[in-house]
Amino acid sequence: MTQSQTQKSRIRLFVEEFRSIQRETWLGMGLILPGVIMVSLIVLYPTVRGIWMSFFEKSLLFPQQATWIGLEHYRELLSDSIFHQALWNSILLTSVAVTLEYLLGLGLAIVLKRKVPGIQLFRSVTMVSWVLPVIVMVTIFNFMIQPQFGVVNIILDNLGLPTRFWFGDPDLAMPIVIFMHVWRNAPFFAIALMASMMSIPNDLYEAASMDGATPLQQFRHVTLPNIAYTSMIMVVLHVIYTFNNFDIIFLSTGGGPLNKTEVLATYVYKTAFVQNMLGYGAAIGVTMLLIMLVFTAVYVKLEDTG
Amino acid sequence: MTSERQKLSRRRFVEATSAATIFGLAGCTGDGSSDGGDGGGDGGDGGGDGGNGTSTSGGSSTTVTHWSGFFDNPNAGEWRDWYVQEASDQYNVEVETSAFSYADMRQKYLTGAKTGTPDIIEGVLSHVNEYAVAGLIEPIGDWAESLDYYDDFLQGGINSVTWNDQLWALPMKGNGRTFFYRTDVFEEMGWEDGPAEGAEEFLEQMSTITNSKDGMHGYHNTTKKGQVRAFQEWISHVYKHEDSVFELNNGEWSVTPSAETFGEIFEWFYAKPYLETDAANPDARNGDWRANDIGYLQGNYACVPCGPWLLGMQEEAQDPETAGNNIEQTATATISHTPNASDPKGTYLETEANMINANSENPEAAREALGIHASPESVKMIGEKDPSYLQPPPFGSVESSIEREDRMEIKTAFENGKGLAFISWGQPRTALYESIQQVIYDEKDPYTAGEDLHAEFQDIASNLEA
């Protein structure tokens, strides 16, 4: 067979393969098309619209009037001190809260995994904080720390310790917000990690034990690698959730005192829906989107490499 | 072969199904895009009916939607049913009611009013202003004046929803801000006349109470960032100096009070109470309205700025019995004023009012329904369930539920109350919250905060459209 004949045969094969794929896959494409259209409408359109809006001066009161200003909003963000503080607070809240949630969740998962009497009840009770609506949780916390009639302050007072409205203390407001996040989400980490741990075959632990691995080494070399993917998903989801979280802060501190708890999510809301500056709010939203995209890409890449 | 045919047939079936789905989706999208056209047609019909005023004459009823913050209140059922029934009986108008919180309603309305839904919306004063500025509600003056009870409205309520010589809403409920104070505490201190009118003497009273009564501070006000209540309390002080914060003159907006006035208010009602005297509890800064109101009912404060709803909050307190006793011991007084105040009785008047959507497809039917909803009969009926509607009522002929002599200031405050300029208040409020927090946390001295706030307000005013 000459070289040109081989070439022709290859091209024919490729064309046939291509036609075959076309024949076989157009139906599949047709089937996923509605889904693609729906996702485009529900996810892509608002996202693209939000990005587009960030290039315009636009008021919520007159949404039909928009003035193209290009990157002006992004330039303004560079000199907006509240934005800087909100960005820092968002990063601080997210990193500290998710780290604590993961560590506490991991510890709790190890406890919940134990087969001891009453563990089923304990597992159910653990989830209470996670299933409680945010508004209920914040209201309870709010009442608990009221200066004179809150139970926390009553206990502190009885112990001779200083009492105050903790959400009103510039140094303590953010730690309390972080505490609320951890209190709420650590059990969810625990349940997810526990489920992941339960799926690890016992053989692995037995083999490790026979090789003389200590419990700590078993945890390090058997448990942790096997829960890595669940951990990754949980961390990514909770970083996104915490970074975008609006309700806990808005209901508890309103972003105060002195902007110490102002985060990007509350700042977007106030800018767009209180001050009616839709374009500026969209620019902050786009910044949040970019930060989260970069984080997710880097984290997933690092996990893959690991 | 048969198998091949069957396979083909299954495939064709799936193909047909997917094609149908795609066309179905396309159909949805098509409807969406042509909605304006269809809607326009419907709107034309509705408008035609409305224009002819024939919503009562046709055989079929006209449906209007009405959003209010109160329709889902457990006390509101009978009254809501009466309203719906009356609209149906009198005008053949079917009213569909929905309840949302005010913040939720505002957001929904600003983004969706152009669809024509709801036809009637309730809001507080700042919402009336915003919707009017945005062209989302229609002026109703000519129609309202034809109502047989129009002249019965108290002028203060009507003034608050009037702008550019146009009436934009019908008030249903209103309250002027006053001090609510504990008569037993004040009497114990020997101050039978209640809180002093001058700020200096008032703060001395408050400090004395803090130092004399265990577990009680004299004064408290709302300082939480982002709380509208904080703005309302602050503007009550401003209204003792000026009739407005923003004023439209010769087609340009300007800031009426001086920077000095702002500084003075910050000094006497924010810096001194929290930082320089014992009048208020510095550990209660950034407290929200609930901390203020419930704190008062629990006996933590002797005097707070508030509205008449406070008297109906007994069950919301942790200890309703204590709250009930404290309500019994509560009287009202005019809010104290700074040394340079020119109108010591001035205060903020909050109004809850109902408006007609400018994009309503059935404006005539909406007006007919609103005429029933905002009538003295309606206010009387809801007032029986919720006395705050009658403290005082917006009508001269409806009897007020304020009976005690020492609470008459509520009525006076309604008469002396001042509304808001018809602008969007979001930006001024945001600037104010920053200033209040900087003052109470001693980050800025009151007069510098006053100057900065004044400069920010001027900047906002320069960007307002006439």
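Starting from residues that are open to solvent by less than 80 Å² (accessible area, probe 1.4 Å) and without any contact (Cβ under 8 Å) to a residue 12 or more places away in the chain, keep the ones in region A:44-71 and report whichever is nearest to the other protein chains (Cβ to nearest Cβ).
Per the criteria, the residue is A:Phe62.
Looking at B:Asn354, B:Asn325, which is the one that is part of a helix (DSSP H, G or I) and of a type outside the set (A, V, I, L, M)?
From the options B:Asn354, B:Asn325, the qualifying one is B:Asn325.
Please go through region A:141-174 and give me each residue that is out of contact with any helix residue (DSSP H, G or I) (no Cβ under 9 Å at 6 or more places or on another chain), away from every other protein chain (no Cβ under 12 Å) and part of a helix (DSSP H, G or I), ordered by number.
A:Ile155, A:Asn158, listed by residue number.
Condition (residue is in a helix (DSSP H, G or I), facing chain B (nearest Cβ under 8 Å), in contact (Cβ under 8 Å) with a residue 12 or more places away in the chain and within 15 Å of A:Met53 (Cβ to Cβ)) applied to region A:276-297: is it met by at least one residue?
no
Report yes if A:Ile135 is loosely packed, with under 15 Cβ neighbours inside 10 Å, within 14 Å of chain B (Cβ to nearest Cβ) and closer than 30 Å to B:Ala280 by Cβ, otherwise no.
Judged against the criteria, A:Ile135 is a match.
Please verify whether region B:291-308 includes one or more residues that are away from chain A (no Cβ under 14 Å), without any contact (Cβ under 8 Å) to a residue 24 or more places away in the chain and of a type outside the set (S, T, N, Q).
no
For residues that are of a type in the set (A, V, I, L, M), assigned to a helix (DSSP H, G or I) and in contact (Cβ under 8 Å) with a residue 60 or more places away in the chain, tally how many sit in region A:209-263.
Looking only at that region, the number is 9.
Scan region B:217-251 for residues that are surrounded by 24 or more Cβ atoms within 10 Å (Cβ to Cβ), within 11 Å of chain A (Cβ to nearest Cβ) and outside any loop (DSSP other than H, G, I, E, B) and jot them down.
B:His217, B:Ala230
Is it true that A:Ser20 is away from chain B (no Cβ under 14 Å) and either under 30 Å from B:Tyr131 (Cβ atoms) or in contact with a strand residue (DSSP E or B) (Cβ under 8 Å, 6 or more places away or on another chain) (or both)?
In short, no.
Exactly one condition in (1) polar (S, T, N, Q); (2) open to solvent by less than 20 Å² (accessible area, probe 1.4 Å); (3) under 16 Å from the mean Cα position of the chain (by Cα) is false for A:Asn276; which is it?
It is condition (3) that A:Asn276 fails.
When you check B:Thr332 against the structure, is it β-branched (Val, Ile, Thr), in contact with a Ser or Thr (Cβ under 6 Å, 6 or more places away or on another chain) and in contact (Cβ under 8 Å) with a residue 24 or more places away in the chain, yes or no?
Criteria met by B:Thr332.
If I ask for residues that are assigned to a loop (DSSP other than H, G, I, E, B) and farther than 26 Å from B:Thr178 by Cβ, which ones from region B:408-426 would you list?
Once the filter is applied, which keeps residues that are assigned to a loop (DSSP other than H, G, I, E, B) and farther than 26 Å from B:Thr178 by Cβ, region B:408-426 yields only B:Ser424.
Cβ contacts < 6 Å: first residue within 11 Å of chain A (Cβ to nearest Cβ), restricted to region B:100-112; second residue in a helix (DSSP H, G or I) and open to solvent by less than 60 Å² (accessible area, probe 1.4 Å), any location; separation 6+ or different chain. Result?
B:Arg106/B:His127; B:Gln107/A:Phe273
Across region A:175-185, which residue is farthest from the other protein chains (Cβ to nearest Cβ) among those that are of a type in the set (A, V, I, L, M, F, W, C) and open to solvent by less than 10 Å² (accessible area, probe 1.4 Å)?
In this case the residue turns out to be A:Met180.
I'd like the residue in region B:427-451 that is more than 7 Å from every other protein chain (Cβ to nearest Cβ) and either of a type in the set (Gly, Ala, Ser) or not in a helix (DSSP H, G or I) (or both) and, out of all such residues, is most open to solvent (accessible area, probe 1.4 Å).
B:Asp442
How about region B:163-185: which of its residues are open to solvent by less than 10 Å² (accessible area, probe 1.4 Å) and in a helix (DSSP H, G or I)?
Correct list: B:Val185 only.
For B:Tyr181, state whether it is modelled with pLDDT of 95 or more and in contact with a Gly (Cβ under 8 Å, 6 or more places away or on another chain).
The answer is yes for B:Tyr181.
Test of understanding: among B:Pro339, B:Pro308, which residue is over 20 Å from B:Met216 (Cβ atoms) and open to solvent by less than 50 Å² (accessible area, probe 1.4 Å)?
Going through B:Pro339, B:Pro308 in turn, just one is over 20 Å from B:Met216 (Cβ atoms) and open to solvent by less than 50 Å² (accessible area, probe 1.4 Å): B:Pro308.
How many residues are open to solvent by less than 40 Å² (accessible area, probe 1.4 Å) and either touching a Ser or Thr at 6+ places or on another chain (Cβ under 6 Å) or not in a strand (DSSP E or B) (or both) when one looks only at region B:65-81?
Within region B:65-81, residues that are open to solvent by less than 40 Å² (accessible area, probe 1.4 Å) and either touching a Ser or Thr at 6+ places or on another chain (Cβ under 6 Å) or not in a strand (DSSP E or B) (or both) number 9.
Restricting the search to region A:233-266, which residues are within 14 Å of chain B (Cβ to nearest Cβ) and open to solvent by 20 Å² or more (accessible area, probe 1.4 Å)?
Of everything in region A:233-266, those that are within 14 Å of chain B (Cβ to nearest Cβ) and open to solvent by 20 Å² or more (accessible area, probe 1.4 Å) turn out to be A:Phe246, A:Asp247, A:Phe250, A:Leu251, A:Leu258, A:Lys260.
Condition test on A:Leu93, is it farther than 30 Å from A:Leu290 by Cα, open to solvent by less than 20 Å² (accessible area, probe 1.4 Å), part of a helix (DSSP H, G or I) and in the same structural domain as A:Val294 (by TED's automatic domain parsing)?
no
In this structure, is B:Leu110 modelled with pLDDT under 95 and farther than 29 Å from B:Thr430 by Cα?
No: the conditions fail for B:Leu110.
Could you grab me the full set of residues in region B:350-388 that are touching a Phe, Trp or Tyr at 6+ places or on another chain (Cβ under 9 Å) and among the hydroxyl-bearing types (Ser, Thr, Tyr)?
Hits for region B:350-388 are B:Ser375, B:Ser378, B:Ser388.
The values are calculated or read from the model by the stated rules, or taken from the named source; none is laboratory data. Quantities reported herein were computed from a predicted structural model and do not represent experimental measurements. Neighbour counts run over all protein chains shown; Cβ positions are idealised from the backbone, glycine included. Note: areas computed on protein heavy atoms with side chains; ligands, DNA, RNA excluded. Shrake-Rupley method; radii C 1.70, N 1.55, O 1.52, S 1.80 Å.
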